[in-house]
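Structure, as structure tokens:
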Amino acid sequence: MPQACNAITGPDLPPAIAHGFRAAVDEAARHVGATAPNPPVGCALLDRDGTILAVGGHHRAGTPHAEIQAINQCRARGLLDRAHTAVVTLEPCNHTGRTGPCSHALAATPVRDVWIGLRDPNPHVAGGGADYLRSQGRSVHVLQPTGPQAALRALCRSLLAPFAHFARTGQPWITVKQAVDATGSMLPPPGRTTFTAATSLDLAHRLRRATDAVITTGRTIRADRPGLDVRRVPDHAGRAPRVLAICTRTGEVDDAYLTAARNRGFDVRLCTDIAALPDLLGRAGVTWAMVEAGPALLAELRAHGLWHDWLTITAGADGTDHYGIRVREGDVTPLHLLPELSAVKE
């Protein structure tokens, strides 16, 4: 999901650092949907003149983190001795899990300056990557929420929003995608399953690729037999199975459909109580889920406040679709990572 950004500069944000952050966000965004339960993170290494030497992104859990990817690229190209500045969308980890601490890996390079988009929001890890790097004589800068750094910080927040919410609550960020015609109806014309343009269908499949789960209902399955898998764009190779959460009060879903869904790679979960949906998905390690269902489920989600952002695709009479985004709390949404939604407001 490449991110289109305007130039963001200022007296305390050198143009090269802004460029490094854009490159790091772009690289991290390419892997959104494959990293759960880890966050998507990007890292750019720059030389003293501000030239980008390497850009790394975290691909999926258990693989090297973004900082290690960038360091390895530099080393393989024989450029590591030129590395002077590291630009990272998230504070480098300072603990040993399935991989070693990225703060220690950066400290073992010639890097002298480190720019961080966001401090680590995960309350379950010790954090401290910035403090460790300072203790090793590095100059560390964290993007500020006001002034010339605010726009880049907002990008990093959009990138991290589902993981940050999951880290705080143990529940996923839930995005509702609703397609309507010019009258507000969700019902396609007879003989068709959709009324949106091909570009919006591509967008929907890119959103599926970016999320860890799809939420639908037994009623939608009976009416449309939707595939709900990623088809119009390439899916992430080697990613963990995507969760398909089916909301059904009776707990009954056609066995043939369930078998076909599992054969498409889904980890199918049935939910008979809408209020229990966030915890059910959280236990499955889902950080970002997308809703693709009819008006009945959308009304229930709205009534229970079980959504975080809401994408409305309105089909225009001229064949051009119009997009609108509502955010339930605040102004941060991972939907802004998609170029055609980067500037969309309510």
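The values are calculated or read from the model by the stated rules, or taken from the named source; none is laboratory data. Just so it is clear, the model here is predicted, and its values are computed rather than measured. We place every Cβ from the backbone using ideal geometry, glycine too, and count neighbours over all the protein chains shown. The accessibility values were calculated without ligands, DNA or RNA, using every heavy atom of the protein model including side chains. Shrake-Rupley method; radii C 1.70, N 1.55, O 1.52, S 1.80 Å.
Among (1) over 24 Å from GLU27 (Cα atoms); (2) among the hydroxyl-bearing types (Ser, Thr, Tyr); (3) in contact with a Pro (Cβ under 9 Å, 6 or more places away or on another chain), which single condition is THR287 missing?
(1)
Applying the selection to region 167-192, what residues are touching a helix residue (DSSP H, G or I) at 6+ places or on another chain (Cβ under 7 Å) and either more than 21 Å from THR217 (Cβ to Cβ) or in a loop (DSSP other than H, G, I, E, B) (or both)?
Listed by number, the residues that qualify are GLY170, GLN171, PRO172, MET186.
Take region 35-49 and flag every residue that is open to solvent by less than 10 Å² (accessible area, probe 1.4 Å), closer than 19 Å to THR63 by Cβ and among the hydrophobic types (A, V, I, L, M, F, W, C).
Within region 35-49, CYS43, ALA44, LEU45 qualify.
Check whether at least one residue in region 337-345 is open to solvent by 10 Å² or more (accessible area, probe 1.4 Å), among the basic types (Lys, Arg) and not in a loop (DSSP other than H, G, I, E, B), and report yes or no.
The answer is no, given that none of the residues of region 337-345 is open to solvent by 10 Å² or more (accessible area, probe 1.4 Å), among the basic types (Lys, Arg) and not in a loop (DSSP other than H, G, I, E, B).
Wholly within region 78-161, which strands (runs of 3 or more DSSP E) include no fewer than the required count, namely at least 3 residues that are touching a Gly at 6+ places or on another chain (Cβ under 6 Å) and open to solvent by 50 Å² or more (accessible area, probe 1.4 Å)?
Strands (runs of 3 or more DSSP E) meeting the threshold: none at all.
Please determine, by comparing only the residues of region 171-195 that are modelled with pLDDT of 95 or more and in contact with a Gly (Cβ under 7 Å, 6 or more places away or on another chain), which one is surrounded by the fewest Cβ atoms within 10 Å (Cβ to Cβ).
By that ranking, first place goes to GLN171.
Within the set of pairs 6+ apart or on separate chains, which have a first residue in region 139-159 that is on the phi > 0 side of the Ramachandran plot, a second that is surrounded by fewer than 21 Cβ atoms within 10 Å (Cβ to Cβ), and C-beta atoms under 8 Å apart?
Filtered contacts from region 139-159: GLY147/GLY10; GLY147/ASP12.
Restricting to region 303-322, name every residue that is within 24 Å of ALA161 (Cα to Cα) and either assigned to a helix (DSSP H, G or I) or touching a residue at least 40 places away in the same chain (Cβ under 8 Å) (or both).
Answer for region 303-322, where residues must be within 24 Å of ALA161 (Cα to Cα) and either assigned to a helix (DSSP H, G or I) or touching a residue at least 40 places away in the same chain (Cβ under 8 Å) (or both): ALA303, HIS304, LEU306, TRP307, HIS308, ASP309, TRP310, LEU311, THR312, ILE313.
LEU13 fails exactly one of the following numbered conditions: (1) open to solvent by 10 Å² or more (accessible area, probe 1.4 Å); (2) under 26 Å from GLY147 (Cβ atoms); (3) of a type outside the set (Gly, Ala, Ser). What is the number of that condition?
For LEU13, the failing item is (1).
Taking helices (runs of 4 or more DSSP H) that do not extend beyond region 196-302, which have at least 3 residues that are over 17 Å from TRP173 (Cβ atoms) and open to solvent by less than 50 Å² (accessible area, probe 1.4 Å)? Even if it seems obvious, please write down each step before you answer.
Details: elements: 198-210, 218-224, 255-263, 277-283.
Where helices (runs of 4 or more DSSP H) fall fully within region 196-302 and carry at least 3 residues being over 17 Å from TRP173 (Cβ atoms) and open to solvent by less than 50 Å² (accessible area, probe 1.4 Å), they are 198-210, 218-224, 255-263.
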